[in-house]
There are 2 protein chains.
Amino acid sequence: MDVQKAIQLRRSIRAYDPREVEEDKLMRVLESGRLSPSAGNRQERRFIIIRDANTRKLLGEAAGNQRFVAEAPVVIAACSVEKEYVMSCGQLAYPIDTAIAVDHMTLQAVEEGLGTCWIGAFNEKKVKEILQIPDDVRVVSLLPLGYPSTVPQSKPRKRLDEIVMWETWRS
Amino acid sequence: MDVQKAIQLRRSIRAYDPREVEEDKLMRVLESGRLSPSAGNRQERRFIIIRDANTRKLLGEAAGNQRFVAEAPVVIAACSVEKEYVMSCGQLAYPIDTAIAVDHMTLQAVEEGLGTCWIGAFNEKKVKEILQIPDDVRVVSLLPLGYPSTVPQSKPRKRLDEIVMWETWRS
């Protein structure tokens, strides 16, 4: 599937079939994260793959009781083992690097016929307890992965002329 | 081009042809950013498209004299008009949302036969002066865009078993 098509078709999927995700599809999604770039190629991002039903239930509770998080047959917890490196532009590297990897995964998932949803609404402390994540690791995002049972309409977006400027700020 | 192929072929391009980027290609790259998701669909990311040669020269200087930044016929400055919203997981939303949009653009660029390079090494204050960006806006990344004149080998990446864990942290 073309990149353009995958970008157009991607949705935040909040309803999943119980159908398992095939191993080869899961591995290609993970591989897409593995290949993603990071600042200085430090590759500080780590991924925990959760398929156990009880653990998914607990993660759903830690994510403000979003039931679909438990419903998806796979949940990926995207973490960083590094939390202090700041690029010279002033931005922490790890949230950006982890987001790049997860974004790669969301688009590869579309190509595989799978759905995902970026989850930033969760209690990090609870998620770390559930997954036995060390104190000095950050959890950046939870990503349910599975076959969509309902595909929502695309969300409205600002027009290009509302978000793009030419040569200088609002020139 | 398949998403998987685009992910495999993407490189950090640090040498560009002077050849112009066609308008339709540039617009599809920008459209891919426009369609990208953001926390709560707040769409706080903004993009300044710089084609003026002198401005690109100044940006290259502000990016630690990385000459290829000026060499690329287009530079995209990815900004955020919001800098304080924190998701309940504890992460600032804007660096992640802006990274998602830029990552979409990097993969769409590959599909168009174009190259990009994530630039986090720049002096934000100088870039804001050059582009007349207001104080309360953050510049998250500079992204040169153009036809590669040299395509480097892929960088080494950790193995999947070094970055992926199953069910719990290092279980």
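Okay, here's what the table says:
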{"quantity": "Cα-Cα P(r), chain B, percent of pairs per 10 Å interval", "calculated": "10, 35, 35, 17, 3, 0"}
{"quantity": "Values of log10 I(q)/I(0), in the order q = 0.10, 0.12, 0.17 Å⁻¹, for the stretch A:5-103 under a Debye, Cα-only, solvent-free model", "calculated": "-0.34, -0.48, -0.91"}
{"quantity": "Inter-copy separations for B:R51, label at 7 Å along Cα-Cβ, nm, ascending", "calculated": "5.0"}
{"quantity": "Sequence of A:W169, B:W118 once ranked by neighbouring C-beta atoms within 10 Å, starting from the fewest", "calculated": "A:W169, B:W118"}
{"quantity": "Student exercise, the stretch A:1-156 dipole from Lys, Arg, Asp, Glu Cβ charges, in Debye to nearest 20", "calculated": "380"}
{"quantity": "Position B:D2, label points 7 Å along Cα→Cβ, spacing to each other copy in nm (shortest first, one decimal)", "calculated": "1.7"}
{"quantity": "Anchor B:K126: aspartates and glutamates whose Cα lies under 18 Å away (excluding residues fewer than 8 positions away in-chain)", "calculated": "A:E167, B:D52, B:E61, B:D135, B:D136"}
{"quantity": "Gyration tensor verdict on the protein assembly as shown (Cα atoms; rounded if a/c is under 1.5, prolate if a/b is larger than b/c, oblate otherwise)", "calculated": "prolate"}
{"quantity": "Least to most buried among A:I50, B:I130 (fewest other Cβ within 10 Å first)", "calculated": "B:I130, A:I50"}
{"quantity": "Virtual paramagnetic centre 7 Å along Cα→Cβ of B:D17, amide N under 12 Å, in the stretch B:88-129", "calculated": "B:113-115"}
{"quantity": "Computed helical MRE - 222 nm, chain A, DSSP H runs ≥ 4 contributing -39500 (n - 2.57), nearest 500", "calculated": "-11000 deg cm²/dmol"}
{"quantity": "Inter-copy separations for A:D24, label at 7 Å along Cα-Cβ, nm, ascending", "calculated": "3.5"}
{"quantity": "Chain lengthening between B:R170 and B:K158 when straightened (0.36 nm per residue, less Cα-Cα)", "calculated": "2.7 nm"}
{"quantity": "Gyration tensor verdict on the stretch B:114-168 (Cα atoms; rounded if a/c is under 1.5, prolate if a/b is larger than b/c, oblate otherwise)", "calculated": "oblate"}
{"quantity": "Where GluC sites (Glu not before Pro) in DSSP loops with at most 16 other Cβ within 10 Å are excluded, longest remaining stretch of chain A", "calculated": "A:85-166"}
{"quantity": "Among B:D161, B:D17, B:D52, residue whose mean-square fluctuation peaks in a GNM of chain B (springs only between Cα atoms under 10 Å)", "calculated": "B:D161"}
{"quantity": "Mean separation of Cα contacts under 8 Å, 6 or more apart, over the residue count of the stretch B:3-163: relative contact order %", "calculated": "35"}
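Values in this text are rule-based calculations from the coordinates and carry no lab data. Predicted model only: the values in this text are computed from it and were never measured. We place every Cβ from the backbone using ideal geometry, glycine too, and count neighbours over all the protein chains shown.
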